[in-house]
1. Between a first residue in segment 96-121 that is crowded, with 16+ Cβ neighbours inside 10 Å and a second residue that is assigned to a loop (DSSP other than H, G, I, E, B), which pairs have beta carbons less than 8 Å apart while being 6 or more apart in sequence or on different chains?
2. Among the residues of segment 72-92, write down those that are under 26 Å from the mean Cα position of the chain (by Cα) and part of a loop (DSSP other than H, G, I, E, B).
3. Within segment 42-69, take every residue that is without any contact (Cβ under 8 Å) to a residue 60 or more places away in the chain and in a strand (DSSP E or B) and give me the one that is surrounded by the most Cβ atoms within 10 Å (Cβ to Cβ).
4. Look through Asp48, Asp75, Asp29 and report the one residue that is among the acidic types (Asp, Glu), in contact with a helix residue (DSSP H, G or I) (Cβ under 8 Å, 6 or more places away or on another chain) and at pLDDT 90 or above.
5. Among the residues of segment 1-33 satisfying the criterion of being in a loop (DSSP other than H, G, I, E, B) and within 18 Å of Asp100 (Cα to Cα), which is nearest to the chain's Cα centre (by Cα)?
Amino acid sequence: MPRFTTRDLALYAAKCCLDKGAEDVRVIDLPDGTAIYDLVVLASARSDRQAHACVEEVYQFCKKHQVPRSPVEGDAGWMLIDCMDVVVHVLTSEERARYDLDHLWIHGKDLDVEKAVKALPDPDAAPEAATKPEPKKRKIVPRVRKAAGSSKAETASKAETASKAEPASKADSRAAKPRTRKPKTDPAAE
């Protein structure tokens with residue numbers, strides 16, 4: 001169950017790509033009704049290995065935060081991951097120039113990636129609403145068993161006298177009777 005908006009998910013994907021050294025990262029917000037997804041992330045990598053590392057980082061982020069996604073697709077310069085409402089394309093510079101995906105979504109609105117990524121909260125931090133308030137301390141009141149046929153007033157007065165007299169009598173009885181153990185007898189020896 002994702003806890004991210006599609007915009008935040010796209011920005012976290014862009015951050016994952018930037019963390020792996022991707023260049024020319026763009027997040028494009030598509031107008032309603034133009035595609036089956038809402039946002040596109042485009043990033044350039046210097047090699048196939050770096051492209052794979054970027055997409056794998058996005059995949060692991062989605063897996064960790066339980067975001068629905070399809071397996072990583074592509075090879076040889078163009079890798080992508082479909083996160084349902086967000087699609088991430090990581091291409092080598094040569095492939096990006098060849099396929100010119102930047103001009104495919106000309107009606108989309110570019111987000112300011114650097115500014116928006118800096119404003120993102122830490123995805124691993126607990127949300128403030130989820131922190132539990134400190135539990136209330138309960139006052140412990142001794143329970144008194146009610147004798148059959150006695151009234152509430154009698155029971156309350158007995159409880160008061162018992163609670164006043166009890167600590168002194170217990171202390172006296174403990175001091176008067178030291179605990180001793182009986183020696184064990186061996187039945188075979190008898």
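1. Note: pairs meeting the criteria are Trp105/Leu30; Trp105/Thr34; Trp105/Ala35; Gly108/Leu30; Gly108/Pro31; Gly108/Thr34.
2. Across segment 72-92, the qualifying residues are Val72, Cys83, Met84, Asp85.
3. So, considering only residues that are without any contact (Cβ under 8 Å) to a residue 60 or more places away in the chain and in a strand (DSSP E or B), the one surrounded by the most Cβ atoms within 10 Å (Cβ to Cβ) is Ala43.
4. Working: Asp48 fails: in contact with a helix residue (DSSP H, G or I) (Cβ under 8 Å, 6 or more places away or on another chain); Asp75 fails: at pLDDT 90 or above.
Within the list Asp48, Asp75, Asp29, the selection yields Asp29.
5. Ala22
Let's see how each residue does on (1) touching a Lys or Arg at 6+ places or on another chain (Cβ under 9 Å); (2) of a type in the set (Gly, Ala, Ser); (3) in a helix (DSSP H, G or I):
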| site | (1), (2), (3) |
| --- | --- |
| Glu94 | no, no, yes |
| Ala97 | no, yes, yes |
| Glu114 | no, no, yes |
| Asp124 | yes, no, no |
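The values are calculated or read from the model by the stated rules, or taken from the named source; none is laboratory data. The structure presented is a predicted model; accordingly, all values stated were derived computationally and were not measured. Here the Cβ is made from the backbone with ideal geometry for all residues, glycine too, and neighbour counts use every protein chain on show.
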